[in-house]
Amino acid sequence: QLEFLLDGKEINDKVLLTNTYGGIQNQAFVTLVPYYRSLYFIIISLIVGITFVICAVFVISKKPFDFHARILFWILLLFALASFTSPGIFYAGTDIFGIIVRVSHAISYIFGIAVFLQFSFVFPLIEKRSNLLAAVIYVPSLILALFISVVMTVSMISFEDFFIRLYEDV
């Protein structure tokens with residue numbers, strides 16, 4: 001929750017942190033520093049994401065009409081999206097691009113896990129499983145994705161404790 005709140009601040013901002021432990025309250029001003037001191041994490045994330053995309057394109061190009069290849073294609077693309085996006089904001093303030101990036105990150109994990117779960121049930125079976133399996137996996141995933149998207153968006157716009165805690169819990 002603290003990270004979520006501090007994401008709304010700028011690097012070099014001074015913030016007052018208050019901590020209560022054992023009935024004793026401590027306060028300290030801290031200066032926010034860059035989390036990533038170099039570009040290594042961003043470069044590695046970019047390489048990982050591109051690798052996922054290349055693998056996805058390779059799989060679907062080799063077997064474009066194969067059911068299992070299409071599922072694997074979507075798994076790889078969703079995890080590429082997770083690698084390209086971030087749960088943190090890039091600067092203080094909220095805009096539509098920042099909301100889309102953060103929501104896309106959360107949704108990529110929700111549906112990436114859902115598609116991987118479906119893949120684990122159907123591969124290497126020759127016949128497809130029923131649509132009931134897909135409904136059991138994707139309907140709750142869709143509900144969770146919609147709910148987390150709304151809660152995350154409201155949290156980023158309002159910075160209210162209730163919604164930030166709810167987002168963390170979800």
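So, in Å, what gap is there between the alpha-carbon centers of the range 96-118 and the range 153-170?
17
Loop only per DSSP, at most 12 neighbouring Cβ atoms within 10 Å: give me the chymotrypsin sites (Phe, Trp or Tyr not before Pro) in the range 65-170, ordered by residue number. Could the numbers behind the result be given before it?
Working: sites: PHE65, PHE67, PHE73, TRP74, PHE79, PHE84, PHE90, TYR91, PHE97, TYR109, PHE111, PHE116, PHE119, PHE121, TYR138, PHE147, PHE159, PHE162, PHE163, TYR167; in loops: PHE65, PHE90, TYR91, PHE159.
When the chymotrypsin sites (Phe, Trp or Tyr not before Pro) of the range 65-170 are filtered for loop state and at most 12 Cβ neighbours within 10 Å, PHE65, PHE90, TYR91 remain.
Convex hull volume of the Cα atoms in the range 12-83, per residue, in Å³?
Hull volume normalised by residue count: 128 Å³.
Relative to the longest principal axis of the chain, what angle (0 to 90°, nearest 10) does the C-alpha long axis of helix 67-84 take?
20
With a 1.4 Å probe and every protein chain left in place, work out the accessible area per residue of the chain in Å², rounded to a whole number.
Working: 11520 Å² over 170 residues.
Spelled out: the 1.4 Å probe surface of the chain, per residue, equals 68 Å².
Roughly speaking, what is the stretch gain from ASP161 to TYR21, that is 0.36 nm per residue apart minus the C-alpha to C-alpha distance, in nm to one decimal?
Details: separation 140, 0.36 × 140 = 50.40 nm, distance 2.00 nm.
Length gained between ASP161 and TYR21: 48.4 nm.
When the chain is modelled as a GNM with alpha-carbon springs shorter than 10 Å, which of ARG37, ARG102, ARG70 fluctuates the most?
So, out of ARG37, ARG102, ARG70, the one fluctuating most is ARG37.
Please give the helix 131-158 orientation as an angle from the longest Cα principal axis of the chain, in degrees from 0 to 90, rounded to the nearest 10.
For 131-158 against the chain, the angle is about 20 degrees.
When the Kirkwood hydrodynamic radius is evaluated over all pairs of different C-alpha atoms of the chain, what value in angstrom, to one decimal, is obtained?
Kirkwood hydrodynamic radius for the chain: 18.6 Å.
The values are calculated or read from the model by the stated rules, or taken from the named source; none is laboratory data. Note that the structure is predicted; figures quoted are calculated from it, not measured. Ideal geometry is used to build each Cβ from the backbone, glycine not excepted, and the neighbour counts take in all protein chains shown. Please note that ligands, DNA and RNA were not included when accessible areas were found on the heavy atoms of the full protein model with its side chains. Shrake-Rupley method; radii C 1.70, N 1.55, O 1.52, S 1.80 Å.
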